[in-house]
There are 2 protein chains.
Amino acid sequence: MPTTPYLLVDAARMRLNIRRAAELARQAGVSLRPHVKTHKSPDIARIQLAAGATGITVATIGEAEVFAAHGFDDIFIAYPVWIDAPRARRLADLVGRGVRLAVGVDSVEAAGQAGRMLGGAHLAALVEVDCGQHRSGVDPAGAGSVAAAAQRGGLEVRGVFTFPGHSYAPGVADRAAQEESDALARAVGSLADEGITAAVVSGGSTPSLAHSDLSVLTELRPGVYAFGDAQQWELGVMSPERIALTCRTTVVSHAGGRLVLDAGSKILGADRASYATGHGRLPAHPDARIVQLSEHHCVVDLAGSARPDLGTVVDVVPNHVCSAINLVDLLHLDDATGPASWPVRARGHNS
Amino acid sequence: MPTTPYLLVDAARMRLNIRRAAELARQAGVSLRPHVKTHKSPDIARIQLAAGATGITVATIGEAEVFAAHGFDDIFIAYPVWIDAPRARRLADLVGRGVRLAVGVDSVEAAGQAGRMLGGAHLAALVEVDCGQHRSGVDPAGAGSVAAAAQRGGLEVRGVFTFPGHSYAPGVADRAAQEESDALARAVGSLADEGITAAVVSGGSTPSLAHSDLSVLTELRPGVYAFGDAQQWELGVMSPERIALTCRTTVVSHAGGRLVLDAGSKILGADRASYATGHGRLPAHPDARIVQLSEHHCVVDLAGSARPDLGTVVDVVPNHVCSAINLVDLLHLDDATGPASWPVRARGHNS
């Protein structure tokens, strides 16, 4: 193992999390298309496919390129890509390499632009709808117009998708899942009004996964579920015993009676949701909280628990696993029978 | 230029910021040892040395290794490194390669450990003192005991240092600078009581730089000053016209009447200080605020300013430049006469 801080994957827990979600999808007869922005690792995505995933979801063209270069041939860029000439060339190149490729569109104008740049180029589109997060995504009633514009432009319209990101708050996952299925059902109706069939009705987030209405959805796209993180722990979605990724740290200072670890925002990530109780959690000290976060230090309030000595190794669960993994080039493994690490090959491929 | 999002350096502004700080140090007769964790780029550190910096500051052994491999031979790891056997080997290797190397120590125990591992190995130490941030750093009154323990262990005690990180709040920079010089002066006295001379009295942060008491300090270690960021803008430390790094983004959605850009926490960083008014700022729309941040999207409230069309390129100033740069492999340049980009060679070298 390297010197701390580094990210460590509990491979057995990760495989169990992956199998559980695959089983949920299989039993409901829906597709699972994991969002690989969480881990950006072809090694892990292969485990997800082997467990039954039908393809992968990415956030950027750059991520699609990395995964295509590693043999992945069914990729959905779940993002309202604005397709200018350089992006059109990159997308056409992926299609030309045999990738079954889809992108998100959320406006008539973007659909028209996509058609002008890539109409007839075997690019598929899914219409993104807003189910309550109020980020990107058209109102469900407008989905049919966007789909029709995409179809007129020569794209294959595969269906509709949403991200119930507003499930990331305490006690709202069931309501967010209800709003997700309501919005998707309305969007399917809006496409039908235009004579367009939504073969794919895609949603899902890790907090809302257990609540998804799988009589409406045909596809789930969670990402975090493979690992969990302090957010899922604090939302009550995953117990600490299921969390499969930690940051291994060392106690470097007891200054002022404090506990200072050698992990900061440059490996844990600086994400802190409004409901978070701190900057990460310590499985061995469940009542402790990270009360101060710098780039290379965190200060822990142990809440009365015995203070580890200088030099002690302490594990921290990051608040948001996607952000933490995006800060490292390697994920280290505790599995003596497998490889020592997995490369985070699509790290930093933001564009 | 690549497709958005990417980080763009205004090289002329950066050079001016670098020259201004060098001039401040030169006029006061103190040393400038920039913290290169901000940019992690040997190309930029060379510009800082050419402007008059006497050496560099890093946060980790890994950063020291990268800069040493690029020819830097005077490096201070301003961090209370816990020196176990693997770290001792790496530090000894750096010294063996001719690097004039120093580390931070902030306890008698850590100083003893450093001495046991590397006593007599030509490693220097500076005693870290807490001047009010309450992170790492011994109380100034205890600095002499730590210095004595380091000296007994066979380390060369070079002096004392602090980081006035509590200067990162509105209207407190002058007070933080006063606390910095008070703490350092007390630490110097504590070393003197042990018969140890503090040749180096090191401090400085970008917000407090103009307030530093250069009759006490002999060395300044700011990092952010080369670029600035939205934090410095909102603290009133640097006007937007001086900020030398932006994230170039594209408008990807107008869903719900919103303005959505293709930059999120995976390139801007998720840092949001308590005083921050949003997740970053837009120089072309000074009243606008980034009100929602995801991994690959940000939602902007334009505060009445005209909404840019889909596909428009919009520049965003990240809240914290150190975190943003640590997310990319290349810094792109607007300078037609120079290179197209600088590699962020020490990116991710957390350990």
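The values are calculated or read from the model by the stated rules, or taken from the named source; none is laboratory data. Computed from a prediction, not measured in an experiment: that's the story for all the values here. Here Cβ is always computed from backbone atoms with ideal geometry, including for glycine, and neighbour counts include all displayed protein chains.
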* Structure fact -> Filtering region B:37-64 down to residues that are of a type outside the set (A, V, I, L, M, F, W, C), in contact with a strand residue (DSSP E or B) (Cβ under 9 Å, 6 or more places away or on another chain) and under 28 Å from B:ALA111 (Cβ atoms) yields B:LYS37, B:THR54, B:GLY55, B:THR57, B:THR60, B:GLU63
* **Qualifying position, being of a type in the set (A, V, I, L, M), outside the structural domain of B:LEU16 (by TED's automatic domain parsing), surrounded by fewer than 24 Cβ atoms within 10 Å (Cβ to Cβ) and over 22 Å from A:GLY278 (Cα atoms), among B:ALA276, B:ALA284** => B:ALA284
* Asked: Do the conditions hold for B:VAL300, that is, is it closer than 22 Å to A:ASP271 by Cα and over 25 Å from the mean Cα position of the chain (by Cα)?
  -> yes
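With a cut-off of at least 1 residues that are facing chain A (nearest Cβ under 10 Å), name the helices (runs of 4 or more DSSP H) lying wholly within region B:1-107.
Numbers: elements: B:11-28, B:42-50, B:61-69, B:85-96.
Passing ranges, in order: B:61-69, B:85-96.
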* To do: Scan region A:133-182 residue by residue and report those that are in contact with an Asp or Glu (Cβ under 7 Å, 6 or more places away or on another chain) and either surrounded by 20 or more Cβ atoms within 10 Å (Cβ to Cβ) or not assigned by TED's automatic domain parsing to the domain that holds A:VAL200 (or both).
  => A:SER136, A:GLY137, A:VAL138, A:GLY144, A:VAL146, A:ALA147, A:ALA148, A:PHE161, A:THR162, A:PRO164, A:ALA177, A:SER181
* When residues of region B:303-321 are limited to those that are free of Cβ contacts under 8 Å to residues at least 60 places away in the same chain and not hydrophobic (A, V, I, L, M, F, W, C), the one nearest to the other protein chains (Cβ to nearest Cβ) -> B:ASP309
* Structure fact -> region B:143-256: helices (runs of 4 or more DSSP H) wholly inside it with 3 or more residues that are under 23 Å from B:GLY55 (Cβ atoms) are B:143-152, B:173-193
* Taking the stated definitions as given, is B:ARG289 surrounded by fewer than 24 Cβ atoms within 10 Å (Cβ to Cβ), over 14 Å from B:HIS320 (Cα atoms) and basic (Lys, Arg)? -> yes
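For region B:150-163, enumerate the residues that are within 13 Å of chain A (Cβ to nearest Cβ) and out of contact with any Leu (no Cβ under 7 Å at 6 or more places or on another chain). Walk me through how you get there before you give the answer.
Step one: of region B:150-163, the residues within 13 Å of chain A (Cβ to nearest Cβ) are B:162-163.
Once the filter is applied, which keeps residues that are within 13 Å of chain A (Cβ to nearest Cβ) and out of contact with any Leu (no Cβ under 7 Å at 6 or more places or on another chain), region B:150-163 yields only B:PHE163.
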* Could you run through region A:335-351 and say how many residues are within 23 Å of the chain's Cα centre (by Cα) and farther than 13 Å from A:SER41 by Cα? => 2
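Please specify each residue of region A:305-351 satisfying the condition of being in a loop (DSSP other than H, G, I, E, B) and of a type in the set (Val, Ile, Thr). Talk me through it step by step, then tell me what you get.
First, pick out the residues of region A:305-351 that are in a loop (DSSP other than H, G, I, E, B): A:305-312, A:318-320, A:326-329, A:334-340, A:344-351.
Hits for region A:305-351 are A:THR312, A:VAL328, A:THR337, A:VAL344.
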* Output the residues belonging to region B:1-15 that are among the polar types (S, T, N, Q) and touching a Gly at 6+ places or on another chain (Cβ under 9 Å). => B:THR3
* Asked: Taking the condition surrounded by fewer than 24 Cβ atoms within 10 Å (Cβ to Cβ) and modelled with pLDDT of 95 or more, does A:GLY269 pass?
  -> no
* Asked: For B:THR197, which of the numbered conditions (1) within 16 Å of B:VAL216 (Cα to Cα); (2) crowded, with 24+ Cβ neighbours inside 10 Å fails to hold?
  -> (2)
* Asked: What are the pairs, 6+ residues apart or on separate chains, where a residue within region B:322-351 that is more than 9 Å from chain A (Cβ to nearest Cβ) has its Cβ under 7 Å from a residue that is of a type in the set (Lys, Arg)?
  -> B:ILE325/B:LYS40; B:VAL344/B:LYS40; B:ARG345/B:LYS40; B:ALA346/B:LYS40
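In region A:322-339, which residue that is over 16 Å from B:LEU327 (Cβ atoms) and among the hydrophobic types (A, V, I, L, M, F, W, C) is surrounded by the fewest Cβ atoms within 10 Å (Cβ to Cβ)?
Residues of region A:322-339 over 16 Å from B:LEU327 (Cβ atoms): A:330-339.
Now restrict to residues that are among the hydrophobic types (A, V, I, L, M, F, W, C): A:330-331, A:333, A:336.
Details: A:LEU330: 16, A:LEU331: 24, A:LEU333: 19, A:ALA336: 7.
Looking at the filtered set, the residue picked out is A:ALA336.
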* State which residue is farthest from B:GLY348 (Cα to Cα) when the search covers only region A:257-286 and only residues that are of a type in the set (Val, Ile, Thr) and not in a loop (DSSP other than H, G, I, E, B). => A:VAL260
* Structure fact -> Exactly one of A:VAL188, A:VAL216 is of a type outside the set (Ser, Thr, Tyr) and farther than 30 Å from A:VAL321 by Cβ, and that residue is A:VAL188
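Just one of B:GLY132, B:GLY120 is over 17 Å from B:SER202 (Cβ atoms), more than 10 Å from every other protein chain (Cβ to nearest Cβ) and outside any helix (DSSP H, G or I); which is it? Give the derivation first.
Details: B:GLY132 fails: over 17 Å from B:SER202 (Cβ atoms).
None of the others qualify; the one that does is B:GLY120.
If you take the residues of region B:215-271 that are hydroxyl-bearing (Ser, Thr, Tyr) and touching a His at 6+ places or on another chain (Cβ under 9 Å), which of them is farthest from the other protein chains (Cβ to nearest Cβ)? Walk me through it before giving the result.
Initial filter on region B:215-271 (hydroxyl-bearing (Ser, Thr, Tyr)): B:215, B:218, B:225, B:239, B:246, B:249-250, B:253, B:265.
Remaining after also requiring touching a His at 6+ places or on another chain (Cβ under 9 Å): B:253, B:265.
On the way: B:SER253: 4, B:SER265: 6 Å.
Here the residue is B:SER265.
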